[in-house]
Structures are given as C-alpha cells and as structure tokens.
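Structure first, commentary second.
Readers should treat all values here as calculations from the given coordinates under stated rules, not as data from a laboratory. If you're wondering where the values come from, they're calculated on a predicted model, not measured in any experiment. We place every Cβ from the backbone using ideal geometry, glycine too, and count neighbours over all the protein chains shown.
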C-alpha cells in the first residue's frame, strides 16, 4: 500500500525514494548491499554514509527482523574526499 510518505528521498545523492527501497526489499533484497545493487542507493558522493543506516532500518522494519540482523554495506575508500594536490609525486624540496 503506497502513500505520499513513500515519495520521500532516502538516498539524496542518487534520488532513491522510500518506495524504490521497499520495492527492492519485496523483490528479495535482504541487506543494504542488496538494496544498493537494485537501486543505486548508497552509490553517490557520500558512499552510503548518509543513507546506509536508514536503509538498514527500513529493511529491518519491512522484514520484521532486528536491526542487528541486517547486513550493512562496507565503506569504500576514500573515507573522506582527498584533494588531487595530495597525489603529487613531486617532493617539496624538488625544484
């Protein structure tokens, strides 16, 4: 049963709604990684750091299981954005 709350965006980076996440769960997703594969939620700029735990709570609610039973996705590197200048091969003493 869909309602207007299902239109709320859970993953803002990739504009994935609650409705899309619930649909992924109905189609067999049982972990955050499963939802990610089906919807791209958690694949944006934040790499799931903003939406990952919310997705886990939605899975737990929909499957009527404990949040501890929901497998979280792994964090990808870099954990924080890195400026390209930090990758310079030139040493500071070189001229």
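Assuming 0.890 mPa s and 25 °C, estimate D for the chain with Stokes-Einstein, Rh taken as the Kirkwood radius over Cα pairs, in µm²/s.
On the way: Rh = 14.7 Å.
Answer from the Stokes-Einstein relation: 167 µm²/s.
For the chain, what is the mean residue ellipticity at 222 nm derived from helices alone (per DSSP H run of n ≥ 4: -39500 (n - 2.57); sum divided by total residues; nearest 500 deg cm²/dmol)?
-9000 deg cm²/dmol
Give the order of 30, 5, 85 when sorted by the count of other beta carbons within 10 angstrom, beginning with the fewest. Walk me through the numbers before you get to the answer.
Values: 30 16, 5 9, 85 6.
Listed from fewest to most nearby Cβ atoms, that is 85, 5, 30.
Give me the number: length gained by fully extending residue 75 to residue 19, i.e. 0.36 nm times residue separation minus the C-alpha to C-alpha distance, one decimal in nm.
On the way: separation 56, 0.36 × 56 = 20.16 nm, distance 2.43 nm.
Difference between extended and current length: 17.7 nm.
Once you place label points 7 Å from the Cα toward the Cβ at residue 54 and residue 6, how far apart are they in nm?
Taking the simple label geometry, residue 54 and residue 6 are separated by 1.8 nm.
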